[in-house]
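Everything below concerns the one structure shown next.
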Amino acid sequence: MTAIFRLAWQSLANRKTTALLTLLTVAISVTLLLGVERVRTQAKSSFANTISGTDLIVGSRSGQVNLLLYSVFRIGNATNNIDWKSYQEISQHRSVKWAIPISLGDSHQGYRVIGTNESYFSHYRFGQKQALNFAEGRQFSALFETVLGAEVAQKLGYHINDEIIIAHGISDKSFNRHDNLPFKVVGILEPTGTPVDRSVHVSLEAIEAIHVGWESGAKLGHTPDAQTLEDHHFEPKQITAFMLGLNSKIQTFALQRYINTYRKEPLSAIMPGIALHELWGMMSIAEQALLIVSGFVVIAGLLGMLTSLLTSLNERRREMAILRAMGARPGHIFFLLVSEATVLTTIGIGLGITLLYSLMAIAQPFIQQQFGLHIEITAPTTYELSLLGIVQIAGIIVGIIPAIRAYQHSLADGMTIKV
């Protein structure tokens, strides 16, 4: 068996160009297969880790996916707002340990503005219950101060002490900007790979202050200057949603039922984990499409190897005949060609893995910066190893097809090839 593998290696070495092209085809196929699988699993993990440590998210009555989208992912809008008194009553419930109020509605150059308070920086968690950390500066304390997410600061080139103008609503146009009330950047958060990176954070009081003189999205009355507004005490009238952390997980369902049947206004309380699972399930078609595409690429690579082996087989019929004449049995010829396919597939898989990890090392910072997706460079998982095992077995099976043809060729057929 060792002699056959040595002979297979020498045979491939004599056909360097064809062998290298076949190796490259298999390697690229394996790189794409593992790359798609790694991106898929990391994207799912990053998606699931967008928020952690939060037991309930509360918003106006709506579906749980819609509530999750606007409260966590800053996508879309709430069907209605929540009265501030309702928030205060629920946040003071004996089961509640902490609460984070959120007010949405404004924007800055395409990025959502989040009105909140100090609880956001103290209790918001992402990933494996990781806290928000400041890359520079501190959290806001004065009325017209803001904290920027990492992407906002990086893309728009903001630094500490810069001033920004907030626009009323999602569209940032000249007629709906609060241009007489600039906000001073006092903090920039470290990257999280979550929607926090794409958010502009201000206080709830600031949200109330900048809308003095505005009604239904239009500036109808006189808007006082910043100094005048800072002398007033503002308290929110309404918020968009709020997040709750409980004293005990056991109390989650009881509090959820209490909120869902809240009599003063229609509210919905959702568990983030369940809502995230439902949302990812809705995106499973794209996930399956990626797997199918990568699978077809591997099939194409293996078919390329089969074509190469079958093409070279016709040119090697005299070689096979000479081996037979020197005492090689049909079984030896069969195993020779299977061994060639095995060697090509094995080396192709190894080359594909090397190429994948090289690309990951190069592209990791870019993917993190552009898409907020952290691709971990770790050893192949059990599932990835099983995929490689399937590719290896498929490569061996591909080698059997030309091996059967070579097995069936007679000595006389090989010695009398027509030119």
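Counting residues in the range 154-167 that are surrounded by fewer than 16 Cβ atoms within 10 Å (Cβ to Cβ) and touching a Gly at 6+ places or on another chain (Cβ under 8 Å) gives one or more. So for the range 155-175 (the condition being in contact with a helix residue (DSSP H, G or I) (Cβ under 6 Å, 6 or more places away or on another chain), assigned to a strand (DSSP E or B) and not small (Gly, Ala, Ser)), does at least one residue qualify? So far as the range 155-175 goes, yes, one or more of its residues are in contact with a helix residue (DSSP H, G or I) (Cβ under 6 Å, 6 or more places away or on another chain), assigned to a strand (DSSP E or B) and not small (Gly, Ala, Ser).
Listed here are the residues, each with its yes/no results for (1) part of a helix (DSSP H, G or I); (2) modelled with pLDDT of 85 or more; (3) not assigned by TED's automatic domain parsing to the domain that holds Thr194.
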{"residue": "Trp9", "(1), (2), (3)": "yes, no, yes"}
{"residue": "Thr25", "(1), (2), (3)": "yes, no, yes"}
{"residue": "Ile28", "(1), (2), (3)": "yes, yes, yes"}
{"residue": "Leu34", "(1), (2), (3)": "yes, yes, yes"}
{"residue": "Leu68", "(1), (2), (3)": "yes, yes, no"}
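For the range 261-299, a tally of residues being touching a residue at least 40 places away in the same chain (Cβ under 8 Å) and of a type in the set (Ser, Thr, Tyr) returns 3.
Looking at Ile353, is it closer than 16 Å to Val36 by Cβ, at pLDDT 85 or above and assigned to a helix (DSSP H, G or I)? Yes, satisfied. For Lys184, which of the numbered conditions (1) in a strand (DSSP E or B); (2) under 28 Å from the mean Cα position of the chain (by Cα); (3) not aliphatic (A, V, I, L, M) fails to hold? All conditions are met except number (2). Filtering the range 72-83 to residues that are surrounded by fewer than 18 Cβ atoms within 10 Å (Cβ to Cβ) and of a type in the set (Val, Ile, Thr) leaves Ile75, Thr79. The set of residues from the range 23-49 being crowded, with 19+ Cβ neighbours inside 10 Å and over 16 Å from Ala363 (Cβ atoms) comprises Leu23, Thr25, Val26, Ala27, Ser29, Val30, Leu33, Asn49. Checked against the criteria, Leu302 counts as buried (at least 19 other Cβ atoms within 10 Å of the Cβ) and either more than 30 Å from Ser29 (Cα to Cα) or modelled with pLDDT of 75 or more (or both).
The residues on offer are Arg74, Arg61, and the sole one that is among the basic types (Lys, Arg), within 27 Å of Glu287 (Cα to Cα) and at pLDDT 85 or above is Arg74.
Among residues of the range 149-171 that are among the polar types (S, T, N, Q), those with a Cβ under 8 angstrom from a residue that is not in a loop (DSSP other than H, G, I, E, B), sequence gap 6+ or separate chain, pair up as Gln154/Gln369; Asn161/Lys184; Asn161/Val185; Asn161/Val186; Ser171/Ser107. Look at (1) surrounded by fewer than 19 Cβ atoms within 10 Å (Cβ to Cβ); (2) more than 20 Å from Glu235 (Cα to Cα) and you find that Glu118 fails only one, number (2).
This table checks each residue for (1) closer than 20 Å to Ala241 by Cβ; (2) under 24 Å from the mean Cα position of the chain (by Cα); (3) in a helix (DSSP H, G or I); (4) without any contact (Cβ under 8 Å) to a residue 40 or more places away in the chain.
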{"site": "Ile114", "(1), (2), (3), (4)": "yes, yes, no, no"}
{"site": "Ser119", "(1), (2), (3), (4)": "yes, no, yes, yes"}
{"site": "Ala135", "(1), (2), (3), (4)": "no, yes, no, no"}
{"site": "Ala142", "(1), (2), (3), (4)": "no, no, no, no"}
{"site": "Val147", "(1), (2), (3), (4)": "yes, no, no, no"}
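Screening the candidates Ser103, Ser86, Ser91, Ser95 for the property of being in contact with a Gly (Cβ under 7 Å, 6 or more places away or on another chain) and either among the polar types (S, T, N, Q) or surrounded by 15 or more Cβ atoms within 10 Å (Cβ to Cβ) (or both) yields one hit, Ser103.
Among the residues of the range 47-57, just one is closer than 16 Å to Ile75 by Cβ and either at pLDDT below 80 or small (Gly, Ala, Ser) (or both), namely Phe47. Among the residues of the range 88-112, those that are assigned to a loop (DSSP other than H, G, I, E, B) and either hydroxyl-bearing (Ser, Thr, Tyr) or in contact with a helix residue (DSSP H, G or I) (Cβ under 7 Å, 6 or more places away or on another chain) (or both) comprise His93, Ser95, Gln109.
The values are calculated or read from the model by the stated rules, or taken from the named source; none is laboratory data. Fair warning: this is a prediction, and the values are worked out from it, not measured in the lab. Methodologically, a virtual Cβ is constructed for each residue, glycine included, from the backbone with ideal geometry; neighbour enumeration extends over all protein chains shown.
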